[in-house]
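*Asks:* Right, I'll just put the structure down here and ask away after.
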Amino acid sequence: MTYRDSPTQADMNIKILYSCSGTASAGFVVKAQSSSDEMGSPSTTFNTTTGVITLPDRPCVLNAGLMYYDNTSPSPSYQYFDYQWYDETNSQYIGSKARLRGWGPDFYYNYETLSCDEQAIAIAQNINVSLRIIAVSHASLIIDGTGSQAIYAGKSRLIIYEF
């Protein structure tokens, strides 16, 4: 058995951006209003007006998970929206595209099937990025970034891991 006196340490910083809201539409830029430095001293900055996030000159893993609720009654039987990270510096989409779908994930998280690709993930550094909605099933899906609904499955959040 090998003895280690302490766990290995990594030079990593983590920033979480949250309080995102708005009506989902194609081309909509998700604009976080608050942040929390969860580990280390992250250098990532963001603009609450434009939604642009400035990454430091070190490798970053970008992870975004959004939640929606439906503003119509009764809810349609199938709803979704797609979102992906966008490289503002080079004008192109980067990383994996995510699709959140379900009858009403805010109410039926444990009862209805959601997709397996609910997080948009990208790797980047030293550029400006944003998270954009690519497509929506209909115009009444509201991004829930506050968890203010009576019943909800989760809050929208963007996580930046700086390595």
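*Asks:* Thr44 accessible area, nearest 10 Å², 1.4 Å probe?
*Replies:* 10 Å²
*Asks:* Now for a different question. Figure the gain on full extension for Met39 and Ser21 (residue separation times 0.36 nm, minus the Cα-Cα span) and round it to one decimal in nm. If you can, show how the numbers build up before the last one.
*Replies:* On the way: separation 18, 0.36 × 18 = 6.48 nm, distance 2.49 nm.
4.0 nm is the gain from fully extending Met39 to Ser21.
*Asks:* Any idea of Tyr93's accessible area? Nearest 10 Å², probe 1.4 Å.
*Replies:* The accessible area comes out at roughly 100 Å².
*Asks:* Now for a different question. Keeping every protein chain in place, order Ile133, Ile121 by accessible area at 1.4 Å, biggest value first, i.e. largest first.
*Replies:* Ile121, Ile133
*Asks:* Multiply the residue gap between Ser91 and Thr50 by 0.36 nm, knock off their C-alpha separation, and tell me the result in nm, one decimal place.
*Replies:* 13.2 nm
*Asks:* Using a 1.4 Å probe and counting only protein heavy atoms, arrange Arg101, Arg58 so the residue with the most accessible area comes first.
*Replies:* The ranking, largest first, comes out as Arg101, Arg58.
The values are calculated or read from the model by the stated rules, or taken from the named source; none is laboratory data. The structure presented is a predicted model; accordingly, all values stated were derived computationally and were not measured. Just so you know, the surface numbers come from the protein's heavy atoms only, side chains and all, with ligands and any DNA or RNA stripped out. Shrake-Rupley method; radii C 1.70, N 1.55, O 1.52, S 1.80 Å.
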